[in-house]
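J.: Before I ask anything, here is the structure I am working with.
The values are calculated or read from the model by the stated rules, or taken from the named source; none is laboratory data. Fair warning: this is a prediction, and the values are worked out from it, not measured in the lab. With ideal geometry, Cβ positions are generated from the backbone for all residues, glycine too; neighbour counts draw on all protein chains shown. Accessible surface is based on the protein model in full, side chains and every heavy atom, while ligands, DNA and RNA are left aside. Shrake-Rupley method; radii C 1.70, N 1.55, O 1.52, S 1.80 Å.
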Amino acid sequence: MAEPHLLDLYIKEYAAEPFKAAGFRKSGRRFSIGKAPDNVVFAKFESRAGDPDMLRFYLEYAIIPDAMMAYVSDRSGKKRAPSFDGALYLDRLLVPDEVANEHNKYDAGMWELPLPDGYHRGGEALVRQLTDGGWLDRWRALCDRDYVAQQCRDGLLDRRQSFTIPLSWPLPYLGMFIDDGDPDELDGMLREVEAKYLENPDPPSKAVRWIAWWRQRLAQRMQSS
């Protein structure tokens, strides 16, 4: 049997218990919390190759609304479980100053822990980030769609651009509430978005696809009501 990857040992030793205590479910290197109709939030460790004398990884997190996964499922032609493909927002946990190095000036989310001593110092720093630093509580809060909508409206989730839809208002609201929000309010938002994007002589193809799907989705709701 192959030896477990060092990152898997690190997760087991330092990350698994705090995540479990906060109510997260574990699947490999990914932890998740929340369920439809609320958002699902992922936190996933991503290994990075490089210096063999270092443990290198990112800890990425994402907000995944159920309605955005419905779009992904429709595009692929089959029902899809929540994944990063349907993320409204994606970011990385930044490396704290106590274990940061000169490379973090250029990549603030890359954890590079020199072996052997940095392994333990980095593990303890990670636990502090997750617990005392409040990140587990914050990720749990991001399951609440109303909370996320207000965060987007206040410009508090704009540090890293989403790779699915822009975070400019009201796109995040449409991405989360198209299936159960107030139809008249959603229609008004869609008209605003259509005027902004579709009247452009060369609209982004991604925006065109999303807007068309939202319009169809809303029309189906209104026909069935």
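J.: Rg over Rh of the chain, using C-alpha atoms and the Kirkwood radius, what does it come to? Display every interim value, and only then the final one.
T.: Numbers: Rg = 19.8 Å, Rh = 19.1 Å.
That ratio is 1.03, to two decimals.
J.: List every residue whose amide H lies under 5 Å from the amide H of residue 115, counting only residues 5 or more places away in sequence or on a different chain, with H placed 1.01 Å from N in the peptide plane.
T.: Answer set, sorted by chain and number: 54, 55.
J.: Which whole-Hz couplings ³J(HN,Hα) result when phi for each residue of segment 70-75 is put into the Karplus expression 6.51 cos²θ - 1.76 cosθ + 1.60, θ = phi - 60°, listed in order with x for Gly and Pro?
T.: 4, 4, 4, 5, 4, 5
J.: In a shell of Cβ-Cβ distance under 14 Å around residue 134, excluding residue 134 itself, what net charge do Lys and Arg (+1) and Asp and Glu (-1) give? If you can, show how the numbers build up before the last one.
T.: Details: positive: 128, 138, 140; negative: 132, 137.
In short, +1.
J.: Exceeding 30 Å between C-alpha atoms, which entries from my cross-link table qualify? They are 26/78; 79/105; 35/196; 35/78; 26/79; 12/206. Walk me through the numbers before you get to the answer.
T.: Working: 26/78 24 Å; 79/105 41 Å; 35/196 32 Å; 35/78 19 Å; 26/79 22 Å; 12/206 39 Å.
Exceeds cut-off: 79/105; 35/196; 12/206.
J.: What residues have an amide H closer than 5 Å to that of residue 89, excluding those fewer than 5 places away on the same chain, when H is modeled at 1.01 Å from N in the peptide plane?
T.: 63
J.: Determine ³J(HN,Hα), in whole Hz, for all residues of segment 14-25 in sequence, where each value follows from phi through the Karplus function 6.51 cos²θ - 1.76 cosθ + 1.60 and θ = phi - 60°; x replaces Gly and Pro.
T.: Calculated HN-Hα couplings, in order: 10, 9, 4, 5, x, 4, 4, 4, 8, x, 7, 9 Hz.
J.: What would the Debye formula give as log10 I(q)/I(0) at q = 0.14 Å⁻¹ for the alpha-carbon point model of segment 30-112, no solvent?
T.: Values, matching the q order: -0.58.
J.: Skip the ligands, DNA and RNA, and give the accessible area per residue of segment 1-126 with a 1.4 Å probe, whole Å². Intermediate values should be presented prior to the final figure.
T.: Working: 6410 Å² over 126 residues.
Roughly 51 Å² per residue, with all protein chains present.
J.: Would you kindly derive the ³J(HN,Hα) couplings of segment 121-134 from the backbone phi angles with the Karplus curve 6.51 cos²θ - 1.76 cosθ + 1.60 (θ = phi - 60°), listing them in order in whole Hz, with x for Gly and Pro?
T.: 5, x, x, 5, 5, 5, 4, 5, 4, 5, 9, 4, x, x
J.: Could you work out which residue, out of 33, 63, 11, moves most in a Gaussian network model of the chain, that is, has the largest mean-square fluctuation with Cα springs under 10 Å?
T.: Judging by the Gaussian network model, the answer is 11.
J.: If the convex hull of the alpha-carbon atoms of segment 178-225 is projected onto planes in all directions, what is the mean projected area in square nanometres? Don't skip to the end; give the middle numbers.
T.: Numbers: hull surface 12.6 nm².
For the Cα atoms of segment 178-225, the hull's average projected area reads 3.2 nm².
J.: Give the dimensionless ratio obtained when the Cα radius of gyration of segment 65-118 is divided by 2.2 N^0.38 Å.
T.: Working: Rg = 17.6 Å, N = 54, 2.2 N^0.38 = 10.0 Å.
Relative to the rule-of-thumb radius for its length, segment 65-118 sits at 1.76.
J.: Same structure again: How large, in percent, is the carbon and sulfur part of the accessible surface of segment 48-166 at a probe radius of 1.4 Å?
T.: Values: 2860 of 5990 Å².
Carbon plus sulfur share of accessible area: 48 percent.
J.: For segment 108-195, which semi-axes, largest first and in whole Å, follow from the square roots of 5 times the eigenvalues of its Cα gyration tensor? Each step should come with its number before you reach the end.
T.: Numbers: eigenvalues 283, 41, 16 Å².
Ellipsoid half-lengths, sorted descending, are 38, 14, 9 Å.
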